[in-house]
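The values are calculated or read from the model by the stated rules, or taken from the named source; none is laboratory data. Source: prediction; values computed, not measured. Neighbour counts are summed over all protein chains in view; Cβ atoms, including those assigned to glycine, are modelled from backbone coordinates with ideal geometry.
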Amino acid sequence: MTLTFGAPGPAFTPEPAPTMVNDTPGWYRGDLHLHTVHSDGSYTPEEIVAGADAAGLDYFVSTEHNTPTANSIWGRHARPDLLIVGGEEATTRGGHYNAVGLDPGHWIDWRYRPEDNKLPRFLNEIHGDRGIAVLNHPFCPFKGCDWRFPYEVMDGIEVWNGPWDPSDEAAVAKWDELLRAETFLPAVGASDAHRSPNVIGLPQTVVRAQGLNQGKIIKGVAGGHSYIVESSGQTLQLTAQSGSKRAGIGGRLVGGGSVVVRLRVQGAPGTVAALHTGDGLTAVEPIETNDATVTWTTTAAATRFVRAEVRSPDSTMVGLANPIFLVP
């Protein structure tokens, strides 16, 4: 048998997704970690879009393992009310991270270990695309998945990956440890869905952005203006107020005097809400109704930050909010 080249097929024409849906400020729900048949997933692009719609998402990030190919075809599947952000999951020998906001066709190399000192080069490449690098599942139990690079060089940390499990608990503990040591990495959650029965949008990162477009969603995530919930059925509102001054999630409240912290929890009856500070667990209150508010009073001199968690009675996470920083 002799093999020969056949006639060439039609040239590939890239069709990346639009980078803007609207310029309307608001809270937008998304999934920052998804896979399709372009890498090791079984979901097709059409199934990802359908799953995002079913989950009530406004955006998602395409994060194929070590390849940017999907970023050049999402325009074929784009919808006028759904933002699709290009990305890649770099599966290095010392842990995985998502490059979020890559230009179409931009490939981020993954073939290095912490001792090779190559990570800064690729972080610079990502930042050159106006993107961010988010470390994934830092305590994943599989070989090569756990994070062994420095934490502080990253732009964010995935503390909740798919259904809640002990590796997520360890990630939240590490994130809190860094926060108390004055290293703030914005926390995100994502499904890491590959195939059925993985649920797209479990969990989802809800970000405050000045518009549903790639640059503004990335800016909101990088600024920590976000919270994580199980599904579109839950909403968190965390605020801190001193006199006429007020700050929300990821914000800074500057000034002395009494500070009133309020956590409003919607869609999570039967759970328990908790406020955490640099001194640890500060306030705990059961959430008995579909719309409940927890109130706690402090001062900026006593509390450097406050963050929130909502958990089911078995300690499964239902919602987690990035901190508000209090500055005397």
(message) Please determine whether any residue of the stretch 18-27 is under 22 Å from TYR97 (Cα atoms) and crowded, with 19+ Cβ neighbours inside 10 Å.
(response) no
(message) Just to verify a result, which residue in the stretch 109-137, among those that are assigned to a loop (DSSP other than H, G, I, E, B) and touching a residue at least 40 places away in the same chain (Cβ under 8 Å), is farthest from HIS38 (Cα to Cα)?
(response) ARG130
(message) Return the residues of the stretch 57-70 that are in contact with a Gly (Cβ under 7 Å, 6 or more places away or on another chain) and not charged (D, E, K, R); say none if nothing qualifies.
(response) LEU57, TYR59, PHE60, VAL61, SER62, THR63, PRO68
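Does ILE200 satisfy the criteria of being farther than 16 Å from GLY223 by Cα and touching a helix residue (DSSP H, G or I) at 6+ places or on another chain (Cβ under 9 Å)?
Values: farther than 16 Å from GLY223 by Cα: yes; touching a helix residue (DSSP H, G or I) at 6+ places or on another chain (Cβ under 9 Å): yes.
Yes: the conditions hold for ILE200.
Taking only the stretch 295-317 into account, find how many residues are more than 25 Å from the chain's Cα centre (by Cα) and in contact (Cβ under 8 Å) with a residue 24 or more places away in the chain. Before the answer, list the steps.
Step one: list which residues in the stretch 295-317 are more than 25 Å from the chain's Cα centre (by Cα), which gives 295-303.
Imposing the further condition that a residue be in contact (Cβ under 8 Å) with a residue 24 or more places away in the chain reduces the set to 295-301, 303.
Selection size over the stretch 295-317: 8.
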(message) If the requirement is being under 11 Å from the mean Cα position of the chain (by Cα), in the same structural domain as GLU169 (by TED's automatic domain parsing) and not polar (S, T, N, Q), which of these qualifies: ALA181, ALA190, ALA209?
(response) ALA190
(request) Determine which member of the set GLY248, GLY233, GLY215 is at pLDDT 95 or above, closer than 21 Å to LEU102 by Cβ and surrounded by fewer than 24 Cβ atoms within 10 Å (Cβ to Cβ). (result) GLY215
(request) State yes or no: is TRP110 closer than 19 Å to ASP192 by Cβ, buried (at least 24 other Cβ atoms within 10 Å of the Cβ) and either out of contact with any strand residue (DSSP E or B) (no Cβ under 7 Å at 6 or more places or on another chain) or not β-branched (Val, Ile, Thr) (or both)? (result) no
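Can you pull out every residue in the stretch 296-317 that is closer than 20 Å to GLY250 by Cβ and part of a strand (DSSP E or B)? Talk me through it step by step, then tell me what you get.
Let us first name the residues in the stretch 296-317 that are closer than 20 Å to GLY250 by Cβ, namely 296, 298, 300, 303-310, 317.
Across the stretch 296-317, the qualifying residues are TRP296, THR298, PHE305, VAL306, ARG307, ALA308, GLU309, VAL310, MET317.
Without any contact (Cβ under 8 Å) to a residue 60 or more places away in the chain and either more than 19 Å from ARG180 (Cα to Cα) or of a type in the set (Phe, Trp, Tyr) (or both), is that true of GLY270? I'd like the intermediate steps shown before the answer.
Numbers: without any contact (Cβ under 8 Å) to a residue 60 or more places away in the chain: yes; either more than 19 Å from ARG180 (Cα to Cα) or of a type in the set (Phe, Trp, Tyr) (or both): yes.
When the stated conditions are applied, GLY270 passes them.
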(message) Suppose the filter is in contact with a Cys (Cβ under 7 Å, 6 or more places away or on another chain), of a type outside the set (Asp, Glu) and over 14 Å from ASN213 (Cα atoms); does GLY95 pass it?
(response) yes
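Scanning the stretch 1-34 for residues that are of a type in the set (Ser, Thr, Tyr) and over 22 Å from the mean Cα position of the chain (by Cα), which turns out modelled with the highest pLDDT?
Initial filter on the stretch 1-34 (of a type in the set (Ser, Thr, Tyr)): 2, 4, 13, 19, 24, 28.
Filter once more, so that each one left must be over 22 Å from the mean Cα position of the chain (by Cα): 2, 4, 13.
Numbers: THR2: 92, THR4: 91, THR13: 95.
Step by step, filter the stretch 1-34, then rank; the result is THR13.
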(request) Name the strands (runs of 3 or more DSSP E) wholly inside the stretch 186-273 in which the number of residues that are farther than 17 Å from ILE132 by Cα, among the charged types (D, E, K, R) and touching a strand residue (DSSP E or B) at 6+ places or on another chain (Cβ under 8 Å) is 1 or more. (result) 245-248, 252-254, 258-266
(request) Looking only at the stretch 142-165, count how many residues are within 16 Å of the chain's Cα centre (by Cα) and either closer than 25 Å to VAL199 by Cβ or of a type in the set (Gly, Ala, Ser) (or both). (result) 9
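Looking at this structure, is LEU320 hydrophobic (A, V, I, L, M, F, W, C), in contact (Cβ under 8 Å) with a residue 40 or more places away in the chain, closer than 15 Å to TYR227 by Cβ and part of a strand (DSSP E or B)? Write out each step before concluding.
Details: hydrophobic (A, V, I, L, M, F, W, C): yes; in contact (Cβ under 8 Å) with a residue 40 or more places away in the chain: yes; closer than 15 Å to TYR227 by Cβ: yes; part of a strand (DSSP E or B): yes.
When the stated conditions are applied, LEU320 passes them.
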